[in-house]
Amino acid sequence: MSAPALERPPAGGPLDPPALQRRFDATIAAGQRIEPRDWMPEGYRRTLIRQVAQHAHSEIIGMQPEGDWLLAAPSLRRKAILLAKVQDEAGHGMYLYAAAETLGADRADLTDKLIEGRQKYSSIFNYPTLSYADVGVIGWLVDGAAICNQVPLCRSSYGPYARAMIRICKEESFHQRQGYELLMTMMRGTDEQRAMVQDAVDRWWWPSLMMFGPPDDDSPNSAQSMAWGIKRHSNDELRQRYVDMSVPQAEFLGVTLPDPEIAWDAERGHYRFGRIDWAEFKRVISGDGPANTERIARRRTARDDNAWVIEAATAYAAKATRE
Amino acid sequence: MGDEETVYDALDSAHDGDGHWAFGTGFDEPLAGVDTTVPEGIDAGDLGAYCLMLGDDALVLAQRLTQWVTSSPELEEEVAVANVALDLLGQARLLLARAGSVGVLGRSRDHATASVPDEDALAYFRDPDEFRNTGLVEAPNGDFAQTMVRLLVAATVRLAVFARLRESRDPVLAAIAAKGVHELTYHRDHAARWVLRLGDGTAESHRRAQDGVDAVWPVLADLFTATAVEQRLTAAGVAVDPADVRDEVRDVLRTVLDRATLQLPAWPADVPPRGRTGGHGPELAELLAALQGLARAHPAATW
């Protein structure tokens, strides 16, 4: 639902006239959506571009850890599933960059910022995928965490972002189900396969908890984003929801989560869990994870080595327009 | 957070029964529920061998195209190239399963355990000399221009063959072909559009596209010569003699290259089939090592 009648500022008038601000505030307060042509405060626009771009970058960089297993997938069915999933991620990146473009950003420029390290992506994708069980665990835990983060965004105050998230969440939840099914199959397989699954869970559990971002008392942008309806729940709330969902799934699967402090807290109605190593989180997000350099290098190579293709397509389109 | 629970519920039921998800990513075997009886008068061994030829072409080309995923020129192309690879992989699975259903499994069953389905036994547990793909699909990708020229040629040939196979006396093969025609029409169109853009784009893209054509053309030499299996099955109304699609393929390629302002090289003289009888270069061994390594390292595993 877009805000009705536009109240344009008089020529030469102030950029943020109080009437526009009031209308924007009322739209947010009523739980309605801001649409691209609506007036919005510059801070809202900037924050959204940053968040949507970071999300888009995460989808695109996120193709790589799993993409590394595309050629070697151990059955044709698993290969088809993985190929379709990686393809979906490229599609998610496209919708999200398109949502960012409705805010005045430019996809090529955002890609440059990613490659130059001026914009971030989810730190989870800086960990390597060491066995095929990692493909399943990424589906179960990483996509599971992404879903917890993203379902509330289907009600984000910015229309194009909210609509993109609905489709993305549907696809992510299919990926999660496929990942979990791979792990179930592997757990029914050989001892070696069961060990692969446990090892992958050991490596991915803590990084997946970090996907919800820093704890609430150390999350500088959260309060404003919540007020704007860009974010709907705090990092710690979502993290707790994820733990509560994952613990019984781990039991059903027959794996042990690598945290001896996990225990049901009947009083709170939630699972307790141990302390997250935030120093590691900061290290990885600031570029010092196991695979940061490789991830960005591949994006850079794809852009630079194929620049001639884009130039050709542009030149051809220009000729076609002239004719 | 109560109001979001309905979204979770909706997600849970979002996966059933709609055609939204890519073929082959569900939970069924490729030929589940299909009557695989071989019609009278068709030699099962020949039919299986022919399915391997067509299936291996698709599998090997899918693997080549997959090498572009995460390295494509644009996001739209990531999606497109993965889509083409996924279609071809789907065709490969159906054709390998068809070969398995008529008992053509070669030596693969000596290596694969019983839990491995036929399609995977054939894909993962045959050695290079048992593969029946043509040299066209196994050649390395080269740059993006060469990749698209190769895809144009491969899709043009395959579309011409599949269009005729819709009339095959083997109903399974005919059904696989009917599904494939829609996919291959898109593949050929996608590749042709790129060849036009690159051939008639910039000086650099023109040079690269021409180099791609010149690199791909020699591999066409054994594309239109039939094996004994193809000849027998063509006579029986099951297969297509590749010589019968030669003129159509040449017309299409001549038209596209001409419009792309590219020079059409001389057509190479026919040579006896190589890849179709198991003759391959070291590139195929390398490609298969990447494809098969993990599955072979865990022969008793289930995936």
Query raised in the report: Tell me, what is the FRET efficiency for B:Ala297 and A:Glu294 to the nearest 0.05, using R0 = 30 angstrom and their Cβ-Cβ distance as r?
Result: 0.80
Query raised in the report: In the stretch A:115-190, what trypsin sites (Lys or Arg not before Pro) fall in a loop by DSSP, with at most 14 other Cβ atoms inside 10 Å?
Result: A:Arg118, A:Arg188
**Report entry** Mean projection area, nm², convex hull over Cα of the stretch B:41-297
**Finding:** 13.1 nm²
Report summary line: Any residue on another chain or 5+ positions along whose placed amide H is under 5 Å from the amide H of A:His270 is listed here as A:Asp265
Report task. Based solely on C-alpha atoms, express the radius of gyration and the Dmax of the stretch B:23-95 in angstrom. Result -> 15.4, 50
Query raised in the report: Tell me, in nm to one decimal, what length is gained between B:Asp127 and B:Thr37 on full extension, where the rule is 0.36 nm per residue of separation less the Cα-Cα distance?
Result: 29.6 nm
Query raised in the report: Charges only on Cβ, +1 for Lys and Arg, -1 for Asp and Glu: so what's the dipole of the protein assembly as shown about the Cα centre, in debye to the nearest 20?
Result: 1160 debye
Query raised in the report: What does the charge dipole of chain B about its Cα centre add up to, to the nearest 20 debye, if the Cβ of each Lys and Arg holds +1 and the Cβ of each Asp and Glu holds -1?
Result: 1200 debye
Query raised in the report: Scanning chain B for GluC sites (Glu not before Pro) in DSSP loops with at most 16 other Cβ atoms within 10 Å, what's the longest stretch left with none?
Result: B:168-303
Report summary line: Tilt, helix A:292-305 to longest principal axis of chain A (alpha-carbon atoms), in degrees rounded to tens, equals 50 degrees
Query raised in the report: Which FRET efficiency value, to the nearest 0.05, is calculated for A:Arg283 and B:Arg166 with the Förster distance at 56 angstrom and r the Cβ-Cβ distance?
Result: 0.45
Query raised in the report: Can you give the mean number of other chain Cβ atoms that lie within 10 Å of the Cβ atoms in peptide A:141-149?
Result: 1
Report summary line: Extension length gain for A:Asp106 and A:Thr256 (0.36 nm per residue less Cα distance), in nm, is 49.6 nm
Query - Shielding by partners, peptide B:57-66 (average Cβ within 10 angstrom, other chains) - result: 2
**Report entry** Computed FRET value (nearest 0.05) for B:Glu283 with A:Ala26, which takes r as the C-beta separation and R₀ as 56 Å
**Finding:** 0.30
Report task. Give me A:Asp68, B:Asp87 ranked fewest to most by other Cβ atoms within 10 Å of their Cβ, as a rough exposure proxy. Result -> A:Asp68, B:Asp87
Report task. Using only the alpha carbons, work out the radius of gyration and Dmax of the stretch B:124-227 in angstrom. Result -> 15.6, 49
**Report entry** Partner chain coverage, peptide B:191-202 - average Cβ within 10 angstrom
**Finding:** 4
Query raised in the report: So how do A:Ser173, A:Ser286, A:Ser225 line up by other beta-carbon neighbours within 10 Å, fewest first?
Result: A:Ser286, A:Ser225, A:Ser173
Report summary line: Going fewest to most other Cβ atoms within 10 Å around each Cβ, A:Trp228, B:Trp194 line up as A:Trp228, B:Trp194
Requested in this report: In square nanometres and to one decimal, what's the mean projected area of the convex hull around the Cα atoms of the protein assembly as shown?
Outcome: 31.4 nm²
Query raised in the report: Rounded to the nearest 500 deg cm²/dmol, what is the calculated helix-only ellipticity per residue at 222 nm for chain B, with -39500 (n - 2.57) per DSSP H run of length n ≥ 4?
Result: -19000 deg cm²/dmol
Query raised in the report: Taking amide hydrogens as modeled 1.01 Å from N in the peptide plane, which residues meet the under 5 Å criterion relative to A:Tyr158, leaving out close sequence neighbours?
Result: A:Ile34
**Report entry** Cα→Cβ-extended label distance, 7 Å offset, between B:Ser115 and A:Arg272, nm
**Finding:** 3.9 nm
Requested in this report: About the Cα centre of the stretch A:256-318, how large is the charge dipole given +1 on each Lys and Arg Cβ and -1 on each Asp and Glu Cβ? Please answer in debye to the nearest 20.
Outcome: 160 debye
Query raised in the report: Out of residues 5 or more away from A:Met40 or on other chains, whose amide H comes under 5 Å of its own, with H placed 1.01 Å from N in the peptide plane?
Result: none
Report task. Measure off 7 Å from each Cα along the Cα-to-Cβ vector at B:His182 and A:Asp216, then give the distance between these two points in nanometres to one decimal. Result -> 5.0 nm
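Any read-out appearing in this document is the output of simple, stated calculations on the displayed coordinates, not a laboratory observation. All figures in this text were calculated on a predicted structure; none of them were measured in a lab. We place every Cβ from the backbone using ideal geometry, glycine too, and count neighbours over all the protein chains shown.
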